[in-house]
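Engineer: Quick one: structure below, then a few questions.
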């Protein structure tokens with residue numbers, strides 16, 4: 001009987017250790033919990049389709065669109081986003097006059113904690129900002145993710161757009177900084 005009690009205590013202790021480790025990982029080592037991931041979710045179906053602004057206009061592969069969602073994260077687990085007062089200058093590095101669009105369209109903005117993986121951010125963005133139907137193809141919605149630099153700082157960005165008409169664009173990934181100018185165009 002004492003041997004069974006000894007094994008029982010060992011099993012109980014092992015289960016307790018596993019539960020504590022699971023809880024600690026779920027909570028996150030930074031003590032802030034995993035709310036940053038769930039906070040990223042934005043239900044596009046709950047947003048109305050807005051008419052595309054006349055001035056300034058942003059085009060996504062020559063399709064006039066309205067910027068509805070803007071999500072940004074620094075690259076690197078311990079990296080941080082720029083201060084609020086520095087954010088406009090940082091966002092101008094995507095394409096010239098980008099802040100004119102942000103100021104005019106007033107998208108939902110979410111800052112996300114530092115990301116160790118470009119691919120991980122892309123997947124999380126596309127999963128949490130889920131476009132309707134077949135990844136937005138044939139709907140009014142489209143989205144894009146990619147990275148950009150501001151001096152020595154590197155960032156990841158995701159955007160969701162609505163258009164006046166359905167379109168074939170869907171989800172797009174920008175591979176390098178210079179490609180933003182090929183994909184997005186601003187007209188005043």
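The values are calculated or read from the model by the stated rules, or taken from the named source; none is laboratory data. Since the model is a prediction, treat every value here as computed from it, not as a measurement. Cβ sites come from the backbone with ideal geometry, for glycine too, and all protein chains shown count toward neighbours.
Engineer: Could you say whether any residue in the range 178-188 is crowded, with 20+ Cβ neighbours inside 10 Å, more than 20 Å from residue 62 (Cβ to Cβ) and modelled with pLDDT of 95 or more?
Structural biologist: no
Engineer: Let me spell it out: the conditions are (1) more than 17 Å from residue 146 (Cα to Cα); (2) crowded, with 16+ Cβ neighbours inside 10 Å; (3) out of contact with any strand residue (DSSP E or B) (no Cβ under 6 Å at 6 or more places or on another chain), and residue 66 meets all of them except one. Which number is the exception?
Structural biologist: The failed condition is (3).
Engineer: Just to be sure, is residue 135 more than 24 Å from residue 78 (Cβ to Cβ), under 18 Å from the mean Cα position of the chain (by Cα) and without any contact (Cβ under 8 Å) to a residue 12 or more places away in the chain?
Structural biologist: no
Engineer: Report every pair of residues separated by at least 6 positions or lying on different chains whose Cβ atoms are under 8 Å apart, first residue within the range 144-164 and over 24 Å from residue 42 (Cβ atoms), second assigned to a strand (DSSP E or B).
Structural biologist: As it stands, the answer is 149/155; 153/74, since those pairs meet every condition given.
Engineer: Being assigned by TED's automatic domain parsing to the domain that holds residue 177, surrounded by fewer than 19 Cβ atoms within 10 Å (Cβ to Cβ) and farther than 14 Å from residue 169 by Cβ narrows it down to one of 146, 138, 114, 133, so name that one.
Structural biologist: One residue alone meets the criteria, 114.
Engineer: Moving on. Within the bounds of the range 83-90, is there any residue that is over 17 Å from the mean Cα position of the chain (by Cα) and in contact (Cβ under 8 Å) with a residue 60 or more places away in the chain?
Structural biologist: yes
Engineer: Looking at 51, 14, can you tell me which residue is within 21 Å of residue 160 (Cβ to Cβ), at pLDDT below 95 and exposed (fewer than 15 other Cβ atoms within 10 Å of the Cβ)?
Structural biologist: After ruling out the rest, the residue left standing is 51.
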